[in-house]
Amino acid sequence: AQSVTQLDSQVPVFEEAPVELRCNYSSSVSVYLFWYVQYPNQGLQLLLKYLSGSTLVKGINGFEAEFNKSQTSFHLRKPSVHISDTAEYFCAVSATYGGATNKLIFGTGTLLAVQP
Amino acid sequence: ETGVTQTPRHLVMGMTNKKSLKCEQHLGHNAMYWYKQSAKKPLELMFVYNFKEQTENNSVPSRFSPECPNSSHLFLHLHTLQPEDSALYLCASSQEYGNEQFFGPGTRLTVL
């Protein structure tokens, strides 16, 4: 079975600084990987996804993530954050085999707190 | 209206009340999900419906009863809830089971 680990429960960062939110997964089969963002009092919104192809994935709001199979990681990065990026970020994985996909497994989330 | 909608957005109920949460998706998806999100806890998958059939029930107490009358609508019927059931309840849908999920805004439930 697959699992997702987000080691950092909270990441404080100053505005305009770069940020990296870490995500590691475990799975014995191929995976699809996702990053979701949740703003206060809202549902989850997809930031970006990796299904296949280029390991560097660009998403909305200037975020990008890199799939590293050897390190089983899918870290999220942004070169310069804004106050409006303050939110909870969730990494998720689903296993794929035989042309079918399994359910999404979510990490515990990382709160990105951008300070002025 | 587009995407996934949920009503009501906020709900306060007593432990003896009966209420229902509604979710509607306008995306033509075949799978729908109920999640519970409590403070300081991981997102918990409660139920999964695939082509209107329940395919997953993650040991959810019977005081939560899902209903999926068609592939666009999903309900969560609530009765005799406990204060620890207070949480944000999120509905999601996906084209196929396991694909990228689209979430609604959630219903903030408070049980007194």
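The values are calculated or read from the model by the stated rules, or taken from the named source; none is laboratory data. Only a predicted model underlies this, so the values are computations on that prediction, with no experimental measurement involved. Virtual Cβ from ideal backbone geometry, glycine too; neighbours counted across all protein chains shown. SASA here: full protein model, heavy atoms, side chains in, ligands and nucleic acids out. Shrake-Rupley method; radii C 1.70, N 1.55, O 1.52, S 1.80 Å.
Worth pointing out:
- Options B:GLN25, A:PHE63, A:PHE34, ranked by Cα towards positive dipole end of the protein assembly as shown, top entry (Cβ charges): B:GLN25
- Accessible surface of chain B, 1.4 Å probe, proportion on carbon and sulfur as whole %: 50 percent
- Solvent exposure of the stretch B:62-112 as accessible area per residue, Å², 1.4 Å probe: 36 Å²
- Filter on B:LYS19/B:LYS41; B:LYS19/B:LYS52; A:LYS58/A:LYS103; A:LYS69/B:LYS52; A:LYS49/B:LYS22; A:LYS49/B:LYS19 - keep pairs with C-alpha separation over 32 Å: A:LYS69/B:LYS52; A:LYS49/B:LYS19
- Note on B:37-48: average number of Cβ atoms from other chains within 10 Å of each residue's Cβ is 3.
- At a Cβ-Cβ separation cutoff of 4.7 angstrom, cysteine residues of the protein assembly as shown with no neighbouring cysteine are B:CYS68.
- Neighbourhood net charge (15 Å Cβ-Cβ; Lys/Arg +1, Asp/Glu -1) for A:PHE90: +1
- Accessible area buried, both sides summed, chains B and A with 1.4 Å probe, Å²: 1400 Å²
- Reachable aspartates and glutamates, given that their alpha-carbon falls under 15 Å from the alpha-carbon of B:LYS36 and they are not under 8 places away in the same chain: B:GLU44, B:GLU56, B:GLU84, B:ASP85
- Projecting the Cα atoms of A:THR5, B:TYR97, B:LEU45 onto the charge dipole of the protein assembly as shown, computed from C-beta unit charges around the Cα centre, puts B:LEU45 farthest toward the positive end.
- Chymotrypsin sites (Phe, Trp or Tyr not before Pro) within the stretch B:32-63: DSSP coil, no more than 16 neighbouring Cβ in 10 Å: B:PHE51
- Centre separation in Å (Cα based) which lies between the stretch A:1-76 and the stretch B:62-81: 31 Å
- Local electrostatic count, B:TYR97, Cβ distance below 12 Å [Lys/Arg +1, Asp/Glu -1]: -3
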